[in-house]
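Structure, as C-alpha cells:
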Amino acid sequence: MKVDIHTHIFPAAIRDRREAFFRGDSAFQTLYGAAEAKMVGARQLVQMLDEEGVDRAVAFGFPWMEADHYRRNNDYVLEAVARYPDRLTGFCCFSPLASGAAREAERCLDAGLSGVGELAVYGSDLDPEVIQALSEVMGLCRERNVPVLLHTNEPVGHDYPGKAPISLRGIYAFVKAYPENRVILAHWGGGIFFYGLMKKEVRDVLRNVWLDTAASPFLYTPEVYHLAVQILGSDKILFGSDYPLLRPGRYFREMAGAGLDEKTLSDIRGGNAAAFLGLDG
C-alpha cells in the first residue's frame with residue numbers, strides 16, 4: 001500500500017481567484033503569488049494518485065489566519081473526503097495563531113477529519129507564544145488520539161518561498177511541550193532527527209515524533225533516507241510529496257537509489273503511514 005501523507009488541495013473559489021486571498025495573508029501570497037505555484041482540487045489529486053500508483057493521500061489546505069478562509073478550505077477538504085472516501089484522508093488546517101483555532105479543530109474532527117495540519121507560522125520561530133497558542137488544539141488532539149502535522153524547515157542553507165525562520169531549538173521546544181501528542185514534523189523535521197544520536201534526553205523527547213519527506217528532492221541528497229533510518233528507525237519515516245509541488249514518482253526514484261532494502265522501502269512508501277493512520281490493507 002502506498003500512502004502520501006502530505007498534499008494540499010483548494011476549492012475552485014480560491015484556485016481561480018487566488019489574488020483576492022493575498023490581502024491580509026502575506027504568507028499565502030509568498031507561497032502562491034508566483035504564476036507557476038500550482039494549486040489543485042480533489043479531482044486532480046485523485047487523478048494524480050491513479051497515475052502514480054498511490055493508493056491514498058492525506059489532504060489539507062493552508063494555515064489561514066482568517067476564520068472565513070480556513071473554514072472555507074476545511075469545508076472543501078470535508079467534501080473531498082466524502083466524495084473520495086477510499087482515496088483521501090483529511091486533516092483540518094489553520095494558523096496556530098488564528099482566533100477560534102480550537103473550535104475549528106473540534107468542528108472538523110467531529111465532522112470526520114482525521115487530524116490537524118499542516119500547521120505553520122511563516123513569519124517567526126516556534127516561539128513560546130506560538131507553542132502556548134496551540135495548547136487547546138494539542139489538548140483536543142491528545143484526547144482524541146489524532147495526529148498533528150507541523151511545518152518545519154532546516155534553519156540553514158538557501159532561501160525559498162515558505163522557508164520560515166524556524167530554529168531547531170524552537171522545534172524541540174514544541175515537541176517537548178506536548179510529549180503525549182503524536183506529531184508529524186514535515187520536511188524531515190528541519191534535520192532535528194540527527195540529534196537522536198545524543199545519549200541523553202533527545203531520543204525520549206522524540207518518541208512520539210514522525211518525519212515526513214515533503215520537498216526532500218529539493219532539499220537533501222538521497223542519503224538522507226539511509227541516515228534517518230539508522231538514527232530513528234524506518235518506522236518513523238512517512239512518505240509525503242507536498243503535491244502539487246512534486247509528484248510521488250520523483251521521491252520513489254530517489255528512495256530506490258538510497259541503498260534501502262525492499263521491506264524498508266515498502267514501509268516508507270506507505271506501510272508506515274497506513275499503520276500510523278489505522279488504515280486497512
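FYI, it's all coordinate maths here, none of it is from the lab. Everything quoted here is computed from the prediction, not taken from an experiment. Here the Cβ positions follow ideal geometry from the backbone for every residue, glycine too, while neighbour counts run over all protein chains shown.
Taking all Cα pairs closer than 8 Å and separated by 6 or more residues, the relative contact order of the chain comes to 19 percent. Derived value for the range 133-281: Kirkwood hydrodynamic radius 15.9 Å. Basis is the mean of 1/r over every pair of different alpha-carbon atoms. Add -39500 (n - 2.57) for each DSSP H run of 4 or more in the chain, then divide by its residues: what number comes out at 222 nm, to the nearest 500 deg cm²/dmol? Rounded to the nearest 500, it is -11000 deg cm²/dmol. D by Stokes-Einstein for the range 1-71, Kirkwood Rh over Cα pairs, 37 °C, 0.692 mPa s: 249 µm²/s. Annotation: peptides 143-150, 14-21, ranked by per-residue average of other Cβ atoms within 10 Å with the highest first, follow the order 143-150, 14-21.
Computed over the chain, the P(r) tail beyond 31 angstrom holds 19 percent of alpha carbon pairs. Considering only Ala173, Pro222, Phe21, the residue lying farthest towards the positive end of the dipole of the range 3-277 is Ala173, judged by Cα position with unit charges set on Cβ. The range 103-163 and the range 1-53 have Cα centres spaced 18 Å apart. When restricted to Cα atoms, the range 218-281 yields an Rg and a Dmax of 11.6, 32 Å, respectively. Total lysine pairs in the chain at Cα distances under 17 Å, for residues eight or more apart or on different chains: 5.
Distances between every pair of Cα atoms in the range 60-219, grouped in 5 Å steps from 0 to the bin holding the largest one, split as 2, 9, 18, 22, 21, 15, 9, 3, 1, 0 percent. Computed about its Cα centre, the charge dipole of the chain is approximately 100 debye, with only Lys, Arg, Asp and Glu carrying charge at their Cβ. Considering all C-alpha pairs of the range 38-116, those separated by over 21 Å amount to 26%. Shown for the chain: cysteine residues without a partner Cβ closer than 4.7 Å, namely Cys93, Cys141. Stretching the chain fully between Phe22 and His158 yields a gain of 46.5 nm (0.36 nm per residue, less the alpha carbon separation). Along the range 200-212 the Karplus relation, 6.51 cos²θ - 1.76 cosθ + 1.60 evaluated at θ = phi - 60°, assigns HN-Hα couplings of 10, 6, 4, 4, 5, 4, 8, 5, 9, 10, 10, 10, 10 Hz to successive residues, with x for each Gly and Pro.
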